[in-house]
Amino acid sequence: MPGDGYFEVPMNSHDAIVIGAGQSGLATAHALVARGLRPLVLEAGDEPSGSWPHYYDSLTLFSPARYSALPGLPFPGDPGHHPHRDEVVDYLRAYAERLDADVRTGHRVVEVLRDNELRVTTAGGTSFTAPIVVAATGGFGNPHRPALPGLDEFPGTVLHAAQYRSPEPFRGLRVVVVGAGNSAVQIAAELAEHARVTLATRKPVKFAAQRPFGRDLHFWLDRTGLDRLPIGPWLPVGFTTPVLDTGRYRGALDDGRPDRRPMFTAVEGSKVLWPDGRREHVDAIVLATGYRPDLPFLTGLGTEHDRGISRHHSGLGFVGLEWQRSLSSATLRGAGRDAAHVVGRLLG
């Protein structure tokens, strides 16, 4: 009772709150549990698996299973195999079940503000408070759609790679895939087996061997420490991740399936205008143009950070952003390292 040294803790007050239950959020919850806390994890979707269930059907990781695990739980199966999308979803579900954390799905966070502590409010109007909040919605929840001249008036199908599932709906059609990254090349090569496809890029596609010197590239990234090297002057300005390839994708482009062309300059009705002046009817445009951080709930506090620690608000951290600390920050293999770093700094 008041006056007897007793005080009541607010029912919705927690040790720490993690926003997002994908790979970054689960890795962060694991790091918090390891430090003796029992975090509340708020996930907008109906299961703790992040964006993985929404990727295209044929998606297979470039990293072998031994390099695709979160802390504390090896990825099942042959360590040398490359897991399929659905294997990753199953793995994340199993990981969440083993966590000693309060994981609540169907809780979309709409706002984070500071009172005495950080206050997190969901779309349902429920508020939770904690001295530590980690935004772990990652960098794959907000598809980027570039402002291409005439695209909004295009009468055909326009979709982002995040909406693409399989090639069947495009059978026999004329399709342009925009982008030069792994997803763009994978999707274009898959579509080219069913449709007439052009890969439109601003620069030539850069490839990296999947197995240099007879070992998977991720072996060398781990062995040399490059995978963990903090972002710094060693990274060239404008660096983009190359397409990892066993030779299949380079061969497909060399065979013209798909063909690669410089980026079109405009869309005019149902036609695209190529740099050489040609106009060509197109049925569908697939935008494999990347993502932007998915942090609308931080509008009131801002998103500036130093390697995952807010520059302006104590107790606020980030995990899962691309290039946050290293080239592996937004990956399964890198999420655990970043989570441990951020939690360590937040707890001091």
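Under a Cβ-Cβ cut-off of 15 Å, what is the net charge of the residues other than Ala130 that fall near it, where Lys and Arg count +1 and Asp and Glu count -1?
My count for the surroundings of Ala130 gives 0.
May I ask you to evaluate 6.51 cos²θ - 1.76 cosθ + 1.60, the Karplus curve with θ = phi - 60°, for each residue of segment 65-82 and list the ³J(HN,Hα) values in order in whole Hz, giving x for glycine and proline?
4, 5, 10, 10, 10, 8, x, x, 8, x, 6, x, x, 4, x, x, 7, 9
Using the Kirkwood radius over C-alpha pairs as Rh, can you work out the diffusion coefficient of the chain via Stokes-Einstein at 10 °C, viscosity 1.306 mPa s, in µm² per second?
73
Please list, in order along segment 165-181, the HN-Hα scalar couplings obtained from phi with the Karplus expression 6.51 cos²θ - 1.76 cosθ + 1.60 (θ = phi - 60°), rounded to whole Hz, x for Gly and Pro.
10, 7, x, 3, x, 9, 4, x, 8, 9, 10, 10, 9, 9, x, 10, x
Tell me the net charge near Arg345. Cut-off is 10 Å between Cβ atoms, Arg345 excluded, with +1 for each Lys or Arg and -1 for each Asp or Glu.
0
If you average the alpha carbon positions of segment 270-300 and of segment 144-160, how far apart do those two centres end up, in angstrom?
Comparing the Cα centres of segment 270-300 and segment 144-160, I get a distance of 5 Å.
Which residues in segment 244-258 place their backbone N less than 19 Å from a point set 7 Å from the Cα of His82 along the Cα-to-Cβ direction?
Within reach of a label on His82: 244-255, 257-258.
So for each of 158-165, 97-104 I average, over its residues, the number of other beta carbons within 10 Å; can you give me the resulting order with the highest mean first?
158-165, 97-104
Could you give the radius of gyration (one decimal) and Dmax (whole number) of the Cα atoms in segment 288-348, in Å?
My reading of the Cα-based Rg and Dmax gives 11.8, 40 Å.
Would you mind checking which residues have amide H under 5 Å from Val134's amide H? H placed 1.01 Å from N; only 5 or more apart, or other chain.
Hits under the 5 Å cutoff: Ile17, Val18, Ile19, Gly317.
For segment 53-184, what are the per-bin percents of Cα-Cα distances with bins 10 Å wide, up to the bin holding the maximum?
With a bin width of 10 Å, the distribution comes to 9, 27, 28, 25, 11, 1, 0.
Per residue of segment 34-51, what does 6.51 cos²θ - 1.76 cosθ + 1.60 with θ = phi - 60° give for ³J(HN,Hα)? Whole Hz please, x for Gly and Pro, Karplus curve as stated.
With the stated coefficients, segment 34-51 comes to 4, 9, x, 9, 10, x, 9, 10, 10, 10, 5, x, 9, 7, x, 8, x, 7 Hz.
Non-local amide H neighbours of Val103 (under 5 Å, H modeled in plane, Pro and chain starts lacking H): which ones?
HN-HN under 5 Å from Val103: Val41.
Return the single residue from Arg223, Arg311, Arg196 with maximal mean-square fluctuation; model: Gaussian network over the chain, springs between Cα atoms under 10 Å.
Of the options given, Arg223 has the highest mean-square fluctuation.
Report, for the chain, the % of DSSP beta bridges that are antiparallel, rounded to 5.
Once the DSSP bridges in the chain are tallied, antiparallel ones form about 40 percent.
If you count, for each residue, the other Cβ atoms within 10 Å and average over each peptide, how do 289-295, 17-23, 78-84 line up from highest to lowest?
17-23, 289-295, 78-84
What residues have an amide H closer than 5 Å to that of Gly141, excluding those fewer than 5 places away on the same chain, when H is modeled at 1.01 Å from N in the peptide plane?
Under 5 Å from the amide H of Gly141: Asp294.
Each value in this text was obtained by applying a stated rule to the coordinates, not by laboratory testing. Quick caveat, the model's predicted, so the values are computed rather than measured. Cβ coordinates were reconstructed from backbone atoms using ideal geometry, including for glycine residues, and neighbour counts include every protein chain displayed.
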